Structures are given as C-alpha cells and as structure tokens.
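Novice: Would you mind keeping the following structure in view while I ask a few things?
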Amino acid sequence: MELSRSTQRKSGRFIFSMICVVCGFLVLVTRLVILQVVDSPGLSREAQGQHQKIQSVEPGRGIISDRRESILAINSTVPSLYGDPLQCSNPRETARAVASVLGLNADHIEQKLRSQKSFVWIKRRIDDHAADQLSHIDGIGVIKEPQRVYPNGDLLAHVLGFARVDGDAREGLESKYDQSLRGKRGRVVMDRDALGRPIFSKAFEEQLPAVGHDIVLTIDKSIQYVAETALDEGIELTQAKGGSVIVMDPGTGEILAMTARPTFDPNAMQQHVPEQWRDHGRNRVVTDYYEPGSTLKIVSAAAALNEGIFHSDDRVFTENGRYRIPGTKRVFTDATPHDWLTFSEIIERSSNIGMVKITQKLGEESFSKYLHSFGFGEKTGIDLAGESYGLLQPRERWSRGSLASLAIGYEVGVTPLQLITAAAALANGGFMMQPYLVAEIRDGDGHIVRSVKPYKKRKAISTQTAAEMTEILSRVVSQGTATRASLPSYVIAGKTGTARKFDPEIQSYSQDKLVSSFFGFFPARHPQLIILVIIDEPQTASFGGVVAAPVFRRIAEQAVSHFNILPDVPKRDFVVVHATN
C-alpha cells in the first residue's frame with residue numbers, strides 16, 4: 001500500500017514536470033512565432049537602424065541666368081560641422097577645441113555633445129580651413145552642403161530674392177519659382193560598424209536627388225549694371241532718399257532691368273535684422289505705390305485724343321497760371337503762367353490747368369474707363385510675388401474735386417511697374433502688354449520645359465492715338481520739360497513728373513518731400529526700349545526734368561550701343577535750351 005502511494009507521488013511529479021516542460025515549450029514557440037512573424041518587420045527596421053544610417057541629400061538648386069546666359073544665382077558646396085554624441089568620449093575637451101577654432105560658446109557646444117542623439121549640428125557653413133582643423137576630432141564630422149551664391153553681389157537683388165541655408169526661398173524669383181528651382185531630395189543609406197561609425201566604403205545611394213530646373217530671365221545683366229550705377233549716381237548727386245529704374249521692351253513686355261534703392265546683398269542676409277529687411281528688402285517697383293504727378297497726364301491726353309474730344313492743335317485758355325475749380329475752393333496753378341496753349345503745348349509744358357480743363361471736358365465716366373484700361377487699380381501680372389494693386393478709388397467714391405486731382409496724378413496710387421506698362425502702350429501702338437521676367441525654364445539636361453511668349457492683355461487706345469501721343473511726347477524732350485533726356489541722333493518721346501508726397505504727420509502735402517520722375521521711349525518712330533526713372537525725395541533739385549531725366553540719358557546712351565540701336569535722324573550738332581518744369 002505504501003509502495004503504491006510512493007509510485008503515485010512519483011507519477012504525479014513526472015506528469016507535473018512534463019506539463020511544465022510542455023508549457024515552457026509552448027511559450028518559447030509562441031515567442032518565436034511572435035518574433036519571426038508578428039514583430040519581424042519592426043525588429044528588422046530596428047536592426048537596420050542600428051547598422052545603417054539614412055542621410056537626406058539636398059538637390060542642387062537650379063541656376064538663374066540672364067538673357068545672355070550670364071549666371072546670376074548658382075550653387076556651391078561648403079563644409080558644415082556636426083557632432084555625434086555617441087562617439088564623443090570627452091564632450092568637455094571636444095567642445096573647448098571646437099569653440100576655440102570657431103569662436104563659439106564652449107558650454108553650448110558641450111551641451112549638444114552630451115545629448116542622446118547620434119547627430120547634432122555644431123555650425124553650418126564654415127570655411128575650409130576650420131573644417132580641416134576639426135575633422136580629425138572624435139565625435140566631430142564634416143558634411144559638404146550646398147550653398148546659394150549670388151556672384152554679382154547686390155546686383156538685381158530685389159528681383160532675385162534669396163535662398164536660406166536649408167533652401168528656404170524668400171522674396172523675388174527664388175520664392176516665386178521655388179518649386180521649379182529646388183528639385184527633389186534624395187537619400188543615402190550608409191552601413192555602420194558595431195560602434196556606430198559609418199563605413200563609407202559600403203555607402204550606396206538609394207535614391208538620387210533630382211536637380212532643380214534652371215531659369216533664364218529676360219534681364220540683361222549689362223543693362224542692369226548700367227541702370228543701377230546710373231541710379232546710384234543720381235541718388236548721390238541729388239542727395240535723395242532712394243529711387244527706382246525699370247528698362248522694358250515696350251513691344252513684348254520683357255523686363256531688361258529692374259532695380260530699387262535701398263537694396264541688400266543676398267549673400268549676407270543673416271546680417272540683416274527684420275527692421276532692416278523691411279526697409280531694404282522689399283521690391284518697391286512692384287510693392288510700393290505713389291502719387292505719380294504729371295507722368296499720369298498721358299492718360300488724360302490719350303483719352304481725350306482717342307475720344308475725338310480734342311486734337312493736337314486745339315487751343316485751351318490756361319487762366320494765366322491760376323484756376324479755381326467751379327463750385328469748390330480747389331485752386332490749381334502752373335509753374336509758368338500762360339494764357340492760351342494748344343493741346344500739344346499743354347503736355348509739352350506740363351500745364352496743370354490745361355490738363356484739368358481737358359479732363360473736365362472728358363468727364364468722370366470716360367476718364368475712369370481709361371484709367372482702368374491703362375491698368376491702374378489692377379496688378380500687371382508680372383511673375384513676381386507681392387505685387388500691389390496700387391490705389392484707385394471706385395468712381396462712386398470720387399469727390400467733387402477728384403476728377404481734377406486725378407487729371408494731374410493725385411488721389412491715385414500707382415506702382416512704378418504699372419506706370420511703365422501704361423506708358424509702353426503709347427510706344428507699341430496702343431497695347432497693354434503683360435510684363436515678365438522669366439523667358440525659359442529648362443530641366444537638368446537643358447531641355448526647355450516652359451517658354452514664355454509676349455502676351456497682349458488688351459487694346460487701350462487706337463494705333464492712331466498712340467502715334468499722335470508719341471509725336472507730342474517727342475516734343476516734350478526736344479523742346480519741353482525734358483530736354484535733359486535728349487540724345488543726339490535719336491528721337492525720344494517722354495514725360496516728366498514732379499509730385500508732392502502726402503505727409504501723414506501734418507495731414508497735408510509736404511512742401512519739401514517730392515517724387516521726381518521721367519519715362520522715355522526710343523527711337524520714337526520704332527521704339528525698342530522704354531525707361532522709367534523715379535527719384536524719391538531729392539534734396540538739391542525737384543523737377544523731374546532736372547532730377548530724373550539725366551539718369552534716363554545716362555542709361556539710354558549706353559543702351560543704344562549695347563543693343564546696337566540705330567539712330568532715326570541724321571547726326572547733327574544742335575543746342576538744347578534746358579527747361580525746368
């Protein structure tokens with residue numbers, strides 16, 4: 001009986017042991033199934049992450065060049081310093097060594113090197129000498145990164161804009177065409193040894209980066225340089241606050257040069273604080289509007305001729321230099337008093353009173369229609385970000401004196417680009433062209449993926465009216481207010497403007513803050529170029545014919561040689577009598 005009980009106990013222990021073994025085996029099998037089937041993808045990725053490192057590869061940003069394929073923006077590679085805290089045995093000593101070479105804060109670097117990450121930036125975009133000194137230190141590495149370079153410094157800065165360290169594009173064409181220029185990122189997968197160090201001999205590229213598209217502009221770098229130099233000279237000579245210049249082909253809308261002052265160097269954007277950027281960085285040619293003064297008289301004059309209300313030899317009584325609008329207290333004056341002037345002479349001598357009377361006869365409805373037809377109050381459609389609509393009140397909101405004010409370029413805000421586009425319609429037979437800067441976009445192999453052609457938005461005036469206006473404006477330069485813009489052997493058509501700036505502090509127009517301007521196109525009979533010059537707050541003189549016209553001439557006389565523009569009249573010597581209206 002006792003033996004039987006002992007046998008039973010042994011048998012029970014055996015069975016229990018077997019059950020434990022079977023259960024343990026089942027647990028192991030279950031765990032194995034989980035590891036190899038359920039968790040396999042995740043564990044594989046984790047193992048791969050321990051032995052491989054994926055590094056993003058930035059694509060090469062596309063090149064920007066001018067119409068003659070002279071480079072305006074390109075990429076270069078520069079060394080950037082990074083740290084691998086997991087490989088840094090002595091963060092304090094390493095930080096001190098790096099700080100002494102780069103002039104950085106050692107404590108800040110040490111804090112980075114004590115992190116649990118495998119990659120931290122120490123400093124990006126360092127010089128080659130510093131990279132050579134630091135690359136041998138344990139836990140420190142050097143990566144070559146692309147850097148956007150503008151080889152001409154601040155030339156065309158407002159048009160180009162700039163791209164930051166991480167390819168973040170700001171302003172100008174860099175921003176507008178960022179998707180075309182930036183390309184697509186690639187990535188490189190590198191094997192690592194047991195200590196986590198990259199084995200570069202086994203590195204392989206998993207996905208090649210796609211290079212960004214190249215952009216060819218309508219800009220001519222030589223004329224851009226001429227325009228900027230002439231503007232700088234004009235600003236310095238007149239002690240002005242700033243200014244702008246646009247050079248355009250009036251027949252196509254192509255922008256050949258565009259500049260504004262103040263400006264900036266896109267290679268050194270990190271040196272500009274936000275306040276400086278707001279003052280220097282914006283492209284005032286498209287973002288800022290101003291009251292143009294007498295240059296807007298071309299709209300009143302063209303409208304009156306186009307409607308058949310006046311002819312060039314019709315006479316208008318200009319009140320001997322002083323005229324009060326009937327039913328108001330508004331008084332208009334002329335710089336030089338006259339009694340009777342022909343329609344043509346009113347424009348030649350820039351008579352405010354004559355133009356007010358012409359516009360009054362034209363009427364509000366008709367004048368408003370032509371202002372809109374010439375593009376004021378709307379964007380030109382140029383391929384730049386941040387373009388302004390300008391300021392043109394709906395006709396329903398005009399006051400009793402608005403028609404007279406608008407006739408001579410007040411109570412309206414225009415951008416320089418709007419003004420030159422409107423003036424170009426007089427040069428090209430009456431068409432409003434859409435201005436543009438990008439002529440072609442090409443892929444990495446040089447194939448054209450997009451080509452931009454001239455676009456006629458609408459017909460503002462008849463071809464006959466445009467020809468009559470051209471004839472009148474040519475006399476503005478030959479014998480009127482813009483004689484300082486004349487060139488021997490070339491017939492130039494143009495118009496001056498001098499406008500007082502509204503001062504919000506005194507809630508009135510300033511007596512000493514002015515905007516002086518001039519636009520001209522030539523050769524007048526077959527115009528190839530139109531140039532607008534604006535000088536902001538000149539101190540030594542005020543009239544557009546004295547301040548802005550000479551800048552126009554300096555640009556024009558070099559442009560005729562550069563573009564081989566043939567003269568349209570025989571060469572002859574002549575004497576110019578300078579007017580100052």
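Novice: Suppose we keep only residues that are of a type in the set (Gly, Ala, Ser) and touching a residue at least 40 places away in the same chain (Cβ under 8 Å) within region 73-117. Which one would you say is farthest from Asp138 (Cα to Cα)?
Specialist: Ala73
Novice: Given the criterion within 19 Å of Gly293 (Cα to Cα) and not β-branched (Val, Ile, Thr), identify the matching residue among Leu403, Leu437, Leu384.
Specialist: The unique qualifying residue is Leu403.
Novice: When region 434-451 is examined, which residues are found to be touching a residue at least 60 places away in the same chain (Cβ under 8 Å), touching a strand residue (DSSP E or B) at 6+ places or on another chain (Cβ under 6 Å) and either assigned to a loop (DSSP other than H, G, I, E, B) or among the aliphatic types (A, V, I, L, M) (or both)?
Specialist: Gln434, Pro435, Leu437, Val438, Ala439, Ile441, Asp443, Val449
Novice: Can you pull out the residues in region 98-156 that are modelled with pLDDT under 85, under 29 Å from the mean Cα position of the chain (by Cα) and hydrophobic (A, V, I, L, M, F, W, C)?
Specialist: Once the filter is applied, which keeps residues that are modelled with pLDDT under 85, under 29 Å from the mean Cα position of the chain (by Cα) and hydrophobic (A, V, I, L, M, F, W, C), region 98-156 yields only Ile126.
Novice: If you don't mind, there's one more thing I want to ask. Here are some residues: Phe310, Phe264. Which one is in contact with a helix residue (DSSP H, G or I) (Cβ under 8 Å, 6 or more places away or on another chain), in a loop (DSSP other than H, G, I, E, B) and modelled with pLDDT of 95 or more?
Specialist: Phe310
Novice: A further question on this structure: Within region 419-433, does at least one residue satisfy the condition of being of a type outside the set (D, E, K, R), assigned to a helix (DSSP H, G or I) and over 15 Å from Val247 (Cα atoms)?
Specialist: yes
Novice: Scan region 453-464 residue by residue and report those that are surrounded by fewer than 18 Cβ atoms within 10 Å (Cβ to Cβ) and in contact (Cβ under 8 Å) with a residue 40 or more places away in the chain.
Specialist: Pro454, Tyr455, Lys457, Arg458, Ser462
Novice: Moving to a separate point now. Can you confirm whether Ala466 is within 24 Å of Ser542 (Cβ to Cβ) and within 33 Å of the chain's Cα centre (by Cα)?
Specialist: Judged against the criteria, Ala466 is not a match.
Novice: Among the residues of region 506-527, how many are surrounded by 24 or more Cβ atoms within 10 Å (Cβ to Cβ), among the polar types (S, T, N, Q) and either at pLDDT below 95 or in contact with an Asp or Glu (Cβ under 9 Å, 6 or more places away or on another chain) (or both)?
Specialist: Adding up the residues that qualify gives 1.
Novice: Separate question: Being aliphatic (A, V, I, L, M), surrounded by 24 or more Cβ atoms within 10 Å (Cβ to Cβ) and without any contact (Cβ under 8 Å) to a residue 60 or more places away in the chain is the filter; apply it to region 338-354 and report the residue that is farthest from Lys297 (Cα to Cα).
Specialist: Ile353
Novice: Identify all residues within region 227-257 that are more than 14 Å from Leu529 (Cα to Cα), out of contact with any Asp or Glu (no Cβ under 9 Å at 6 or more places or on another chain), among the hydrophobic types (A, V, I, L, M, F, W, C) and buried (at least 21 other Cβ atoms within 10 Å of the Cβ); write none if there are none.
Specialist: Ala230, Leu231 - these are the residues of region 227-257 that are more than 14 Å from Leu529 (Cα to Cα), out of contact with any Asp or Glu (no Cβ under 9 Å at 6 or more places or on another chain), among the hydrophobic types (A, V, I, L, M, F, W, C) and buried (at least 21 other Cβ atoms within 10 Å of the Cβ).
Novice: Which one is surrounded by the fewest Cβ atoms within 10 Å (Cβ to Cβ) among residues in region 387-418 that are part of a loop (DSSP other than H, G, I, E, B) and hydroxyl-bearing (Ser, Thr, Tyr)?
Specialist: Filtering first and then ranking leaves Ser399.
Novice: Something else now. Which numbered condition trips up Leu384, out of (1) in contact with a helix residue (DSSP H, G or I) (Cβ under 6 Å, 6 or more places away or on another chain); (2) surrounded by 21 or more Cβ atoms within 10 Å (Cβ to Cβ); (3) modelled with pLDDT of 95 or more; (4) not small (Gly, Ala, Ser)?
Specialist: Condition not satisfied by Leu384: (3).
The values are calculated or read from the model by the stated rules, or taken from the named source; none is laboratory data. As the structure is a prediction and not an experimental result, all values here were calculated from the model. So basically every Cβ, Gly included, is an ideal-geometry build from the backbone, and we count neighbours across all protein chains shown.
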